[in-house]
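Below is one structure, written out as structure tokens; the observations come after it.
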Amino acid sequence: MGIWAMFAKGGPIMWPLLLTSMVSLTVVFERALFIIRDQRNRRPKTIEKILNSAEQGDIAGAIRTGEDSSDFVVRTLVHGLKHREQGFTSALLQQANHELKRFSQGLTILDTTITLAPLLGLLGTVTGMVRAFGLLGNTELEAPAVITGGIAEALIATAFGLGIAIVALIPFNYLNGRLEAARQEIEDASTHLELSLRKPERRSP
């Protein structure tokens, strides 16, 4: 039995399942492009130059080094340096939250898909079994295919729902890992920058 034949046999609940799968695949595709772009924009050497300049007390030079960078860690550090007079830690935290929000986009949709798809499959199971037992009281026993059709509808809907949830779970966990890794990188660089800014103060008489 082909995939489309199975889909048609799954009953009307398959359409919400199809919509759910299309939305989750769209999110996964968009997030994959985002990860690729983010990796290309990373500038670890620029981060090192900013930290070295800050350690030497050259704040203006540190800002110039990373002002036009597309690296999210660099943007966070530069934002903190630009607003250090108003509150260095608060500026870093504000920009970090802004950058991490980009990494968390789509996670809510995938999380909803992981929960919703099995529930839709379970709903298809219930409606399919109700249909099968309803036909059992109105159909002659010489036509068992009518009854087994309802049972097949129930099993196919459940299988599709579980399959969608399983497929969505893998990128969901990966994207969560990327979010935590980005958070850790920002925290490490911010802490390093804060310590670098204190070194000139310790050297001053």
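The values are calculated or read from the model by the stated rules, or taken from the named source; none is laboratory data. Values in this document were obtained by computation on a predicted structure and should not be read as measured data. Note that each Cβ is placed from the backbone with ideal geometry, even for glycine, and that neighbours are counted across all protein chains shown.
Going by what's in this entry, would GLY80 be described as assigned to a helix (DSSP H, G or I) and either touching a residue at least 60 places away in the same chain (Cβ under 8 Å) or crowded, with 22+ Cβ neighbours inside 10 Å (or both)?
Details: assigned to a helix (DSSP H, G or I): yes; either touching a residue at least 60 places away in the same chain (Cβ under 8 Å) or crowded, with 22+ Cβ neighbours inside 10 Å (or both): yes.
Considered against the rule, which asks whether it is assigned to a helix (DSSP H, G or I) and either touching a residue at least 60 places away in the same chain (Cβ under 8 Å) or crowded, with 22+ Cβ neighbours inside 10 Å (or both), GLY80 comes out as yes.
Could you give every pair whose Cβ atoms fall below 6 Å, whose first residue belongs to region 1-28 and is at pLDDT 60 or above, and whose second residue is in a loop (DSSP other than H, G, I, E, B) and surrounded by 16 or more Cβ atoms within 10 Å (Cβ to Cβ), counting only separations of at least 6 or pairs across chains?
From region 1-28, the pairs are VAL27/GLY106.
Working only within region 58-77, note down all residues that are crowded, with 16+ Cβ neighbours inside 10 Å, over 18 Å from GLU99 (Cα atoms) and small (Gly, Ala, Ser).
ALA62
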